[in-house]
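S.K.: Provided herewith is a single structure, encoded as structure tokens, for subsequent inquiry.
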Amino acid sequence: MNAHSLRGFRDILPPESEVFAGAEAAAREVFRLYGYRELRIPTIEAKELFVKSTGDTTDIVEKEMYAFTDQGGREVAVRPEGTPGVVRAYIENNLSQSGRNAKYFYIGGMFRAERPQAGRYREFTQIGAEHIGNPSPFADAENILVLFSILDRLGLAGLSVELNSLGCGGCRKNYRETLLAYLKANLDALCEPCRNRIDRNPLRALDCKADGPALAEKAPKMALCAPCSAHFAKTQELIKAAGREFHVNPNMVRGLDYYTRTVFEVRTSALGSQDAVAGGGRYDDLVKSMGGPQAPAIGWAMGLDRLALLLKDKPRPSADAEAFVVAASEAAREPAFKLLTELRAAGISADSSNFELSLKSQMRSADKSGAAAALILGDDELKNSSCSVKFLKDKREQLTMPAAQLPAELKKLLN
Ligand code: AMP
């Protein structure tokens, strides 16, 4: 048996797992403030869901999806992103009829068979936020402000936020011909896959990782119709009024099929080529096209793995136990075990090594544990109903205290 994880899949060990948990906690708190509630959606869905929503000309669906036929002969896929599942859940559970705001967040693993590199994995964790059923620019602004607030809480500065509008179906229809003419005049600059799909989805070429940036720079820009233009202007105005900075980037085309109007991306200069930390946009037609009601929506997803890379050197609360209990004799083992329970019940994090090992070995573990104090129980302590306290992180002298006063006294000592 070769005990190796698969290429592109990884273990997230402490302390990185604690960075993940901290970021999730910060996001949950912000979601609470903004009225976004959690949705837990399946990891596996019908393959068709992603083909029809994310789009069959996108890299995610065309090349990167973990799709297979299950035991019942159904074509299924492991989710490459969260939005299609959220929209399916919205439709299937009649959430439009609930009378409440359909503002949801999700946290979970996404799977894409991309070429792995630093900051790019085949399984990665996303936090996403979707607001369905509100077409107003106030919803755009609020949804984007949630993202700003989470990044604030995490203490991440130096990120750039880029904003663009991809217009509605009408704007796109007009633009399609202009763009197609431009791309056909520049066929040589297109990579093979882009050349093959320009008739099906010309916009995708501008988002291509290989040739997109150079092409987008010179490509004719989309002219927005009056309502789309007003929507984009109002969205910008509201974000600015909230004191947030962003940069309008007319070359930014987010790669998925369902985007309409507002799109945005958060980038960092600290991660090399994998510079996108979060991205999202409006998808006004997706719910209807999947068989649901007319429900314009906006959402984003942020990659926790990349956030963790940005956060790894920031100070965070210690996850080490506060107290480490040591049994110095055989008779002390059960009382020591009981003490652990009492400490934890009093809200003090407590740990031990194997009570059946020697005192020396247990003390060595205590030193390595990162705990503030070792609580030692031996025959003398048992006889006197006391406990010895040895401070492990500072030079305070060892002391003995009546067992009855633990853990209240210990709490004071540790503060
Ligand atoms: P996307 O759905 O591609 O816009 O991705 C949204 C966010 O998820 C990105 O900004 C990244 O932070 C993160 N992300 C996407 N793909 C990966 C990946 N393969 N590995 C790690 N993070 C990813």
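S.K.: How would you classify the range 49-180 from its alpha-carbon gyration tensor, with a ≥ b ≥ c the square roots of the eigenvalues: rounded for a/c under 1.5, else prolate if a/b is greater than b/c, otherwise oblate?
M.R.: Because its axes are fairly even, with a/c under 1.5, the range 49-180 counts as rounded.
S.K.: Based on the Cβ-Cβ distance from residue 358 to residue 409, what FRET efficiency comes out when R0 is 45 Å, to the nearest 0.05?
M.R.: My answer for the efficiency is 0.95.
S.K.: Here are some pairs, 103/234; 312/395; 103/312; which of them have Cα atoms lying more than 24 Å apart in this structure?
M.R.: 312/395; 103/312
S.K.: So how much accessible area does residue 91 have, in Å² to the nearest 10, using a 1.4 Å probe?
M.R.: 40 Å²
S.K.: A further question follows. Can you tell me the dipole magnitude for the chain around its Cα centre, using point charges on the Cβ only (Lys, Arg +1; Asp, Glu -1), in Debye to the nearest 20?
M.R.: 740 debye
S.K.: Positive end of the dipole of the chain, charges at C-beta (+1 Lys, Arg; -1 Asp, Glu), about the Cα centre: which of 206, 31, 407 has its Cα farthest in that direction?
M.R.: Ranked along the dipole, the leading option is 206.
S.K.: In square nanometres, what is one fourth of the surface area of the convex hull spanned by the alpha carbons of the range 148-275?
M.R.: 8.6 nm²
S.K.: Between residue 338 and residue 394, what FRET efficiency comes out of the Förster formula 1/(1 + (r/R0)^6) with R0 = 22 Å and r the beta carbon distance, rounded to 0.05?
M.R.: Step by step, r from the Cβ atoms, then E = 0.20.
S.K.: Residue-wise, which Karplus ³J(HN,Hα) couplings in Hz belong to the range 82-97, taking 6.51 cos²θ - 1.76 cosθ + 1.60, θ = phi - 60°, and x for glycine or proline?
M.R.: x, 4, x, x, 5, 5, 4, 5, 4, 6, 4, 9, 6, 5, 5, 8
S.K.: Can I ask one more? Using a 1.4 angstrom probe with every protein chain in place, what is the largest-first accessible-area order of 138, 264, 124?
M.R.: Highest to lowest solvent-accessible surface, that is 138, 124, 264.
S.K.: Going by accessible area, probe 1.4 Å, with all protein chains left in place, what is the ranking of 247, 231, largest first?
M.R.: Result, largest first: 247, 231.
S.K.: Got a number for the accessible area of residue 358? Probe 1.4 Å, square angstrom, nearest 10.
M.R.: 70 Å²
S.K.: Stick to the Cα atoms of the range 1-94, pair each with every other, and give me the Kirkwood hydrodynamic radius in Å at one decimal.
M.R.: Hydrodynamic radius (Kirkwood, Cα pairs) of the range 1-94 is 16.1 Å.
S.K.: Do any trypsin sites (Lys or Arg not before Pro) in the range 1-94 lie in a DSSP loop with no more than 15 other beta carbon atoms within 10 Å, and if so, which?
M.R.: Of the trypsin sites (Lys or Arg not before Pro), the ones in loops of the range 1-94 whose Cβ has at most 15 other Cβ atoms within 10 Å are 7, 10, 40, 63, 74.
S.K.: Of the GluC sites (Glu not before Pro) in the range 220-293, which ones lie in a loop per DSSP and count no more than 10 other C-beta atoms within 10 Å?
M.R.: Counting only loop positions with at most 10 other Cβ atoms within 10 Å, the GluC sites (Glu not before Pro) in the range 220-293 are 245.
S.K.: Let me ask another. Over the range 221-337, with a single point scatterer placed on each C-alpha, what log10 of the ratio I(q)/I(0) does the Debye formula yield at q = 0.13 1/Å?
M.R.: With one equal scatterer per Cα and no solvent, log10 I(q)/I(0) is -0.71.
S.K.: Quote the relative contact order of the range 210-346 in percent (integer), defining contacts as alpha-carbon pairs under 8 Å separated by 6+ residues.
M.R.: 13 percent
S.K.: Also, quick follow-up: Project the alpha carbons of the range 103-180 onto their principal axes and report the range along each, largest first, in whole Å.
M.R.: Projected onto the principal axes, the Cα atoms of the range 103-180 cover 39, 34, 27 Å.
S.K.: Over all directions, how big on average is the projection of the convex hull of the alpha-carbon atoms in the chain, in square nanometres?
M.R.: Over every viewing direction, the Cα hull of the chain projects on average to 26.9 nm².
S.K.: Using only protein heavy atoms and a 1.4 Å probe, report how much of residue 375 is accessible, in Å² to the nearest 10.
M.R.: Residue 375 has an accessible surface of roughly 0 Å² with all protein chains in place.
S.K.: For the range 5-21, just list the computed ³J(HN,Hα) in residue order, Karplus coefficients 6.51, -1.76 and 1.60, θ = phi - 60°, integers in Hz, with x standing in for Gly and Pro.
M.R.: Ordered by residue, 3J(HN,Hα) equals 6, 6, 4, x, 10, 8, 8, 9, 8, x, x, 4, 4, 6, 5, 4, 4 Hz.
S.K.: Simple spin-label model, 7 Å along Cα-to-Cβ: residue 385 to residue 32 in nm?
M.R.: Distance between label points: 4.1 nm.
S.K.: Within the range 85-120, which residues have the backbone N less than 17 Å from the label spot 7 Å out from residue 316 along Cα→beta-carbon, could you tell me?
M.R.: What the label zone holds, given the 17 Å backbone N cut-off, is 107-109, 119.
S.K.: Still on this structure, I have one more. Summing -39500 (n - 2.57) over the DSSP H runs of n ≥ 4 in the chain and dividing by its residue number, what mean residue ellipticity at 222 nm do you reach, to the nearest 500 deg cm²/dmol?
M.R.: Value at 222 nm, helices only, nearest 500: -10500 deg cm²/dmol.
S.K.: Could you grab the relative contact order for the range 1-122? Cα pairs under 8 Å, six or more apart, rounded to a whole percent.
M.R.: 31 percent
The values are calculated or read from the model by the stated rules, or taken from the named source; none is laboratory data. From a predicted model like this one, the values you see are computed outputs, not experimental measurements. In this analysis, Cβ positions are derived from the backbone assuming ideal geometry, glycine residues included, and neighbour counts consider all displayed protein chains. These area figures cover heavy atoms from the full protein model, side chains too; ligands, DNA and RNA do not enter into them. Shrake-Rupley method; radii C 1.70, N 1.55, O 1.52, S 1.80 Å.
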